[in-house]
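The values are calculated or read from the model by the stated rules, or taken from the named source; none is laboratory data. Worth saying up front: this structure is predicted, and the values here are computed from it rather than measured. Don't worry about glycine lacking a Cβ; one is built from the backbone with ideal geometry, like all the others, and counts go over all protein chains shown.
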Amino acid sequence: MRIFQEIKNMSHDYCVPPKRRTEIEILAAAWREALRIPTTCQAPDMIGVLENEMPRLFGDFALVVKDDYQMDGAEGYTEFDPPCVVLSATSYQSAANFEGRGRWTAAHELGHLVLHKSAVPLDRAPIRYSKMKELPAFASAEWQANAFAAAFLMPEALVRDFFEISEIMTFFAVSRSAAENRVKNLGLSEQRPIPPQVRAAISNLHNMTGIPKPAR
């Protein structure tokens, strides 16, 4: 049964058990460990994860690649019976080339697979949600899958070593929008802070050389 389908920038949302971002961060870290991704790895091979590591954990799991014309405009989708992630040929090649768009699609679909077997359409959602035009983020399958992809591809502990969007894009092999959203959601600043001891050393150097001091 096909549950989740990503169509360009649009998707069909489903109601899922509520999860906070912090809970999803913990789950993403646990799945990285289960999939044998080193804690220091900044850009795991998403195709290798889906083709090699997932079948090791789930013998009946499969990564399926379909020609773009067979996907009805979708970049990827997830099935549960049997467990399966389907990627368009374009998304597969993008992920294989360590391009941000394809890697995000692969991680997003992995998030659906490990988080959302109990998802239901909005019209079958609990009554507190069923009359809403859209789901609150914490109960939205799409929001949760995006939060999972961000945490899986850009673990907080590693992202905090970087302070420039371009660095995050390069080292984690993600798109600019993904990097910017991650920095924003973690409450980080793109401006690189200068530790006091470094500022003091710079000040001393400028005093010795006569170079104007940096603005405080």
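The figures follow:
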quantity: Criterion: within 22 Å of residue 136 (Cβ to Cβ) and within 18 Å of the chain's Cα centre (by Cα) - qualifying residue of 22, 40; calculated: 22
quantity: Among the residues listed as 198, 174, the single one being outside the structural domain of residue 20 (by TED's automatic domain parsing), at pLDDT below 95 and aliphatic (A, V, I, L, M); calculated: 198
quantity: Residue, surrounded by the fewest Cβ atoms within 10 Å (Cβ to Cβ), within the range 60-96, restricted to residues that are β-branched (Val, Ile, Thr) and farther than 15 Å from residue 49 by Cα; calculated: 90
quantity: Count of residues meeting criterion [under 25 Å from residue 35 (Cα atoms) and either of a type in the set (A, V, I, L, M) or not assigned by TED's automatic domain parsing to the domain that holds residue 14 (or both)] in the range 134-151; calculated: 6
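One line per residue, one yes/no per condition, for (1) surrounded by fewer than 16 Cβ atoms within 10 Å (Cβ to Cβ); (2) not in a loop (DSSP other than H, G, I, E, B); (3) not assigned by TED's automatic domain parsing to the domain that holds residue 113:
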residue	(1), (2), (3)
13	no, no, no
18	yes, no, no
28	no, yes, no
33	yes, yes, no
37	no, no, no
49	no, yes, no
